[in-house]
Amino acid sequence: MWQTQKTILGRMASLFILLGITTWMAYPALRYGFIQHDDSLEILANRHFYPFDAAALEQIWKSPDFSRVYIPVNYTVLGGLTELSRWWHHLDRLAQPTPDVFHVAGVLLHLVNSCLVFGLLRRVADDTGEPFPWLALFGSLGFALHPAQVESWARAGNITVTLGGTLALLSLGSFVSCWSSPGRKWGKYAAATLFFCLAVLTRPTAVALPLAAFAIAWGSRSARSKILMLWLLPWLAISLAYTLVSIRLQSSDPAALFSVTALLNRTIICADCLLWYAAQTVWPAILTVDHGLTPEVVLGRRFAWFSVIGLVSLLVVLFFTARKTHRWIFAGCLLFLALLLPASGLIPTPNRESLSIVYDRHLYLPLFGATMVFVSLLSKLDRKWQRGGGIAVVCLLGLQARNYLAAWSHSIPLFQHVVRVNPSSWYGHGQLGTALLTEGHPAEAVPVLARAVELNAHLTDARINLGMALLALGQNTEAEQVLREAVERDNLQDNAFNNLAVALLRRQAWAEAEVAAREALRLNPSHLLARTNLALALSGQGRHEAASAEAMQTVSARPDYPQAWRVMAEIRFKAGQVDGGIEALTRACQLDPSQQEWQTLLNAKQQAAPQTIDPSTK
């Protein structure tokens with residue numbers, strides 16, 4: 001009896017320590033904002049969330065996302081968090097959400113996942129009789145504090161990683177309980193299958209869970225592998241079906257993926273990625289969102305095949321040395337490699353591979369396999385070395401994770417870190433320049449955006465932002481030249497045409513500005529800035545009636561948009577409609593009281609208005 005109570009108290013104390021240390025490491029993230037790294041696409045600019053209602057939910061479940069990936073569970077949860085944020089802060093249903101709710105959810109899910117890893121390590125250790133049950137604490141702390149995990153829970157939009165990890169770990173835990181715990185096995189198997197399906201619809205890499213479950217079952221001596229293989233057949237069928245659908249959605253020519261050349265190239269890329277992830281797990285010294293390891297870089301190496309030889313040699317050594325005598329080391333390695341397989345470049349993902357084929361966040365769930373290896377190795381040491389080694393590793397991981405976490409506080413420090421770690425990152429330079437421009441630092445943004453364009457001549461967004469920065473600095477001629485290059489390289493960018501219209505308006509090239517603004521509206525009829533620029537171009541040509549009609553469309557579509565009312569006032573003043581101009585300018589000042597220049601102009605117009613002679617009285 002006392003031994004049972006002691007065991008329970010030990011587990012409770014271990015969980016308390018695990019939660020306390022992980023919370024200490026992660027709590028700064030609760031105050032962070034949205035990051036200019038997919039947060040805008042996944043949350044802030046996601047049309048399904050404005051508002052998030054039954055119709056939006058239907059669309060989420062009927063179609064893939066912006067990157068052609070079908071993960072409806074992820075966007076359902078993100079939509080729910082968006083509504084929760086609005087409700088919590090008493091915001092309108094069309095207002096942008098606040099980041100705090102998303103960060104709290106991400107950190108809580110990471111805490112839950114750390115506890116699930118602790119439970120799984122304890123369960124498999126108890127089931128096999130291995131002498132490392134209490135070392136599960138070190139293993140779960142290694143999972144929780146590993147620096148490569150920071151990106152997964154520190155960014156608001158990465159709920160897909162942490163939630164997918166929760167569902168995957170619940171699935172594995174339910175599957176393990178089918179043979180390690182008394183009770184109805186079919187009920188537990190049904191729960192494991194349900195969690196598996198939800199995990200796949202949250203994060204596509206969960207298609208590897210059947211292989212991960214087999215690795216755990218193989219490592220357990222009490223598991224009957226033949227029966228377990230039959231249980232895993234439905235999972236394999238689901239994984240295969242989802243993978244084929246994903247390939248069809250993301251590839252314009254699926255048949256080309258199975259050519260001999262493509263398969264050979266993908267084998268090299270896969271082996272290189274797996275070895276890279278293994279090295280990143282053991283020595284996470286370089287952490288960034290852009291490692292710059294593209295397929296072209298991997299295949300362009302002189303001895304690219306060495307990665308395949310190295311991986312095969314490593315697997316052979318593990319098979320013959322650890323398969324029997326060190327079962328959990330071998331099982332942990334299999335689990336690690338299996339969970340990484342979908343993210344190893346074996347299946348092309350064109351939307352991501354243009355930047356890199358390796359990402360730190362892909363290590364989130366596979367690190368569970370690495371923790372198995374870690375605690376197995378510790379269990380081979382003397383008790384004194386176990387504690388000392390475990391504490392040393394956990395402390396080093398925690399300190400580095402806390403240091404890396406500071407970079408995720410805001411977009412500017414994050415992308416400053418990216419370009420410092422990877423100076424050839426066109427993505428990092430482009431995003432840093434955009435963040436600087438957005439925060440009101442155009443002078444600092446110009447050289448950074450120019451470097452982004454130099455690194456990637458096809459980067460239209462960076463050219464557009466460079467043009468905006470030059471416009472903000474008053475360098476209209478240079479801005480016009482850059483924006484003309486942008487529209488020549490990509491004539492489908494509505495923002496490029498709109499910003500070109502701004503540059504032409506400043507040069508008072510009214511007719512050319514009209515053409516550019518109309519082209520922007522053709523590409524995007526709801527582009528409010530383009531419509532206001534069109535109104536200004538028409539007004540500059542003396543076509544005041546047409547200009548007023550365009551401005552009226554803008555204020556009708558967005559009555560709360562102060563710039564539209566300011567443009568309306570300017571058009572009316574040019575048309576000689578002083579009273580109408582004062583009315584529009586008054587409305588603009590009410591919507592944006594911070595514009596002192598507008599208020600000064602309004603005061604001047606109001607003082608001059610009584611002295612204005614009505615032409616009809618002459």
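The values are calculated or read from the model by the stated rules, or taken from the named source; none is laboratory data. All values reported here derive from a predicted model rather than from experimental measurement. Positions of Cβ are generated from backbone atoms using ideal geometry, with glycine treated the same way; all protein chains shown enter the neighbour counts. These area figures cover heavy atoms from the full protein model, side chains too; ligands, DNA and RNA do not enter into them. Shrake-Rupley method; radii C 1.70, N 1.55, O 1.52, S 1.80 Å.
Check whether at least one residue in segment 583-603 is modelled with pLDDT of 85 or more, within 24 Å of residue 507 (Cα to Cα), out of contact with any helix residue (DSSP H, G or I) (no Cβ under 9 Å at 6 or more places or on another chain) and not hydroxyl-bearing (Ser, Thr, Tyr), and report yes or no.
Within segment 583-603, one or more residues are modelled with pLDDT of 85 or more, within 24 Å of residue 507 (Cα to Cα), out of contact with any helix residue (DSSP H, G or I) (no Cβ under 9 Å at 6 or more places or on another chain) and not hydroxyl-bearing (Ser, Thr, Tyr).
Among the numbered criteria (1) of a type outside the set (A, V, I, L, M); (2) farther than 25 Å from residue 25 by Cα; (3) open to solvent by 50 Å² or more (accessible area, probe 1.4 Å), which single criterion is violated by residue 429?
Just one mismatch for residue 429, condition (3).
Can you tell me which residue within segment 258-300, out of those that are at pLDDT 90 or above and aromatic (Phe, Trp, Tyr), is surrounded by the most Cβ atoms within 10 Å (Cβ to Cβ)?
By that ranking, first place goes to 277.
List every residue pair whose Cβ atoms sit under 7 Å apart, with the two residues 6 or more apart in sequence or on different chains, where the first one lies in segment 556-583 and is of a type in the set (A, V, I, L, M, F, W, C) and the second, anywhere, is outside any helix (DSSP H, G or I).
Filtered contacts from segment 556-583: 564/558; 578/612.
Restricting to segment 374-391, count the residues that are polar (S, T, N, Q) and within 35 Å of the chain's Cα centre (by Cα).
Matching residues across segment 374-391 total 1.
Quick grid of which residues meet (1) closer than 21 Å to residue 213 by Cα; (2) among the aliphatic types (A, V, I, L, M):
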site: 273; (1), (2): no, no
site: 287; (1), (2): no, yes
site: 315; (1), (2): yes, yes
site: 349; (1), (2): no, no
site: 358; (1), (2): no, yes
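Quick check on segment 351-368: of everything there that is open to solvent by 20 Å² or more (accessible area, probe 1.4 Å) and polar (S, T, N, Q), which residue is modelled with the highest pLDDT?
354
Return the residue satisfying two criteria in turn: it lies in segment 304-341 and is surrounded by fewer than 21 Cβ atoms within 10 Å (Cβ to Cβ) and in contact with a Ser or Thr (Cβ under 7 Å, 6 or more places away or on another chain), and of such residues it is nearest to residue 264 (Cα to Cα).
308
All but one of (1) under 20 Å from residue 540 (Cβ atoms); (2) open to solvent by less than 30 Å² (accessible area, probe 1.4 Å); (3) hydroxyl-bearing (Ser, Thr, Tyr) hold for residue 460; state the number of the condition that does not hold.
(1)
Which residues, counting only those in segment 63-89, are open to solvent by less than 30 Å² (accessible area, probe 1.4 Å) and acidic (Asp, Glu)?
Listed by number, the list holds a single entry, 65.
Taking segment 19-62 on its own, how many of its residues are surrounded by fewer than 17 Cβ atoms within 10 Å (Cβ to Cβ), touching a Pro at 6+ places or on another chain (Cβ under 9 Å) and outside any helix (DSSP H, G or I)?
1
Identify, from the list 112, 104, the residue that is more than 30 Å from residue 179 (Cβ to Cβ) and modelled with pLDDT of 95 or more.
104
Please count how many residues of segment 488-515 are in contact (Cβ under 8 Å) with a residue 24 or more places away in the chain and either assigned to a helix (DSSP H, G or I) or among the aliphatic types (A, V, I, L, M) (or both).
Of the residues in that region, 19 qualify.
I need the full set of residues from segment 168-208 which are open to solvent by 10 Å² or more (accessible area, probe 1.4 Å), part of a helix (DSSP H, G or I) and without any contact (Cβ under 8 Å) to a residue 40 or more places away in the chain, in order please.
Matches in segment 168-208: 174, 185, 186, 187, 188, 190, 191, 194, 195.
Name the one entry in 491, 498 that is open to solvent by 40 Å² or more (accessible area, probe 1.4 Å) and either on the phi < 0 side of the Ramachandran plot or touching a His at 6+ places or on another chain (Cβ under 8 Å) (or both).
Residue meeting the stated conditions: 491.
Which of the residues that make up segment 466-484 are touching a helix residue (DSSP H, G or I) at 6+ places or on another chain (Cβ under 6 Å) and open to solvent by 30 Å² or more (accessible area, probe 1.4 Å)?
Scanning segment 466-484 gives 468, 472, 473, 476, 478.
Looking only at segment 77-102, count every residue that is part of a loop (DSSP other than H, G, I, E, B), out of contact with any Pro (no Cβ under 7 Å at 6 or more places or on another chain) and of a type in the set (A, V, I, L, M, F, W, C) and tell me the total.
Result for segment 77-102: 2.
Just the residues that are of a type in the set (A, V, I, L, M, F, W, C) and open to solvent by less than 50 Å² (accessible area, probe 1.4 Å), please, taken from segment 371-391.
Within segment 371-391, 372, 373, 374, 375, 378 qualify.
What's the number of the condition residue 70 fails, among (1) closer than 27 Å to residue 178 by Cα; (2) at pLDDT below 95; (3) within 23 Å of the chain's Cα centre (by Cα)?
(1)
Name the pairs: first residue in segment 434-455 and touching a residue at least 12 places away in the same chain (Cβ under 8 Å) and within 16 Å of residue 420 (Cα to Cα), second residue small (Gly, Ala, Ser) and not in a helix (DSSP H, G or I), Cβ to Cβ under 7 Å, at least 6 apart or on different chains?
Sorted first by the residue in segment 434-455, then by its partner, the pairs are 455/424.
Of everything in segment 415-461, what is outside any helix (DSSP H, G or I) and not acidic (Asp, Glu)? Give them in sequence order.
Within segment 415-461, 422, 423, 424, 425, 440, 441, 456, 457, 458, 459 meet the criteria.
Does segment 367-401 hold any residues that are of a type in the set (Phe, Trp, Tyr) and either free of Cβ contacts under 8 Å to residues at least 12 places away in the same chain or in contact with a strand residue (DSSP E or B) (Cβ under 7 Å, 6 or more places away or on another chain) (or both), and which are they?
Of everything in segment 367-401, just one residue is of a type in the set (Phe, Trp, Tyr) and either free of Cβ contacts under 8 Å to residues at least 12 places away in the same chain or in contact with a strand residue (DSSP E or B) (Cβ under 7 Å, 6 or more places away or on another chain) (or both), namely 385.
Considering each residue of segment 377-412, count those that are of a type outside the set (Gly, Ala, Ser) and closer than 18 Å to residue 149 by Cα, and give that number.
13
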